[in-house]
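Undergrad: Please see the structure below; I have some questions.
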Amino acid sequence: MRAWVILFLAIASEVVGTVALKFAVEHVWIYGVAAFCFILAFVLLHRVMQEGVNAVSYTHLTLPTKRIV
């Protein structure tokens, strides 16, 4: 049960980091928040693996945007 809570926190951390990247275009200091969230997500995923959950399926879905780069 504890591993699932840690996994949820890792996913939430990555979502916050991804949203932070969108706002970092206007405020440069938010890049630090995004980097912290991504590092935290990997640390938490490492903790999940230490708990013994070896069958973690984690999918990052990228949605298409209308913005032309």
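The values are calculated or read from the model by the stated rules, or taken from the named source; none is laboratory data. Every value quoted in this text rests on a predicted model; they were computed, and no experiment measured them. Note that we place each Cβ from the backbone using ideal geometry, even for glycine, and neighbour counts take in every protein chain shown. Note: accessible area is taken over every heavy atom of the protein model, side chains too, but ligands, DNA and RNA are not part of it. Shrake-Rupley method; radii C 1.70, N 1.55, O 1.52, S 1.80 Å.
Undergrad: Heavy atoms only, probe 1.4 angstrom, no DNA, RNA or ligands counted: give me 51, 14 ranked by accessible area, highest first. Intermediate results must be reported in sequence, preceding the final value.
TA: Details: 51 80, 14 35 Å².
Largest accessible area first, the list is 51, 14.
Undergrad: When all protein chains stay in place, what accessible area (Å², nearest 10, 1.4 Å probe) is found for residue 6?
TA: For residue 6, the solvent-accessible surface is approximately 20 Å².
Undergrad: A further question on this structure: Across the stretch 24-31, in residue order, what do the Karplus-derived ³J(HN,Hα) couplings come to in whole Hz, using 6.51 cos²θ - 1.76 cosθ + 1.60 with θ = phi - 60° and x for Gly and Pro?
TA: 6, 5, 8, 10, 4, 5, 6, 4
Undergrad: Okay, moving on. Say R0 is 25 Å: what FRET efficiency, to the nearest 0.05, do residue 1 and residue 31 get from their beta-carbon distance?
TA: For R0 = 25 Å, the calculated efficiency reads 0.10.
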